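Input: a single structure, listed below in structure tokens.
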Amino acid sequence: MAERVLTVEGMSCGHCKMAVGGALKELDGVSSVDVNLETGKVDVAYDEAKVGFDQMKDAIEDQGYDVVE
């Protein structure tokens, strides 16, 4: 199991938190997501054999937010 902290721009409310968290949790291999609106950080625990950074980034960007690398 791997962990990664993503920096996401554009999140400002509970809906944003649910949209980003929900999109990531739908990905096969993501086991937990913790979204911090104040810092714009998203902690993700995932199985590297099933999902990668690009898939997580695409899922977040599909919700209308920007991932900063």
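The values are calculated or read from the model by the stated rules, or taken from the named source; none is laboratory data. All figures in this text were calculated on a predicted structure; none of them were measured in a lab. Please note: Cβ atoms are built from the backbone with ideal geometry, for glycine as well, and neighbour counts cover all protein chains shown. To get the accessible areas, we keep the full protein, side chains included, count just its heavy atoms, and leave off ligands, DNA and RNA. Shrake-Rupley method; radii C 1.70, N 1.55, O 1.52, S 1.80 Å.
General observations
- Considering residues of region 23-41 that are over 13 Å from residue 6 (Cβ atoms) and assigned to a loop (DSSP other than H, G, I, E, B) only, the residue farthest from the chain's Cα centre (by Cα): 38
- Tallying residues that are part of a helix (DSSP H, G or I) and either touching a Lys or Arg at 6+ places or on another chain (Cβ under 7 Å) or surrounded by 19 or more Cβ atoms within 10 Å (Cβ to Cβ) (or both) within region 5-17 yields 0.
- Criterion applied to 1, 11, 56 was being modelled with pLDDT of 95 or more and either β-branched (Val, Ile, Thr) or over 10 Å from the mean Cα position of the chain (by Cα) (or both), and the one residue passing it is 11.
- Looking across 67, 20, 44, one residue alone is in contact (Cβ under 8 Å) with a residue 60 or more places away in the chain, surrounded by 14 or more Cβ atoms within 10 Å (Cβ to Cβ) and under 11 Å from the mean Cα position of the chain (by Cα). It is 67.
- Restricting attention to region 47-60, the residues that are open to solvent by 30 Å² or more (accessible area, probe 1.4 Å) and either touching a residue at least 12 places away in the same chain (Cβ under 8 Å) or in a strand (DSSP E or B) (or both) add up to 7.
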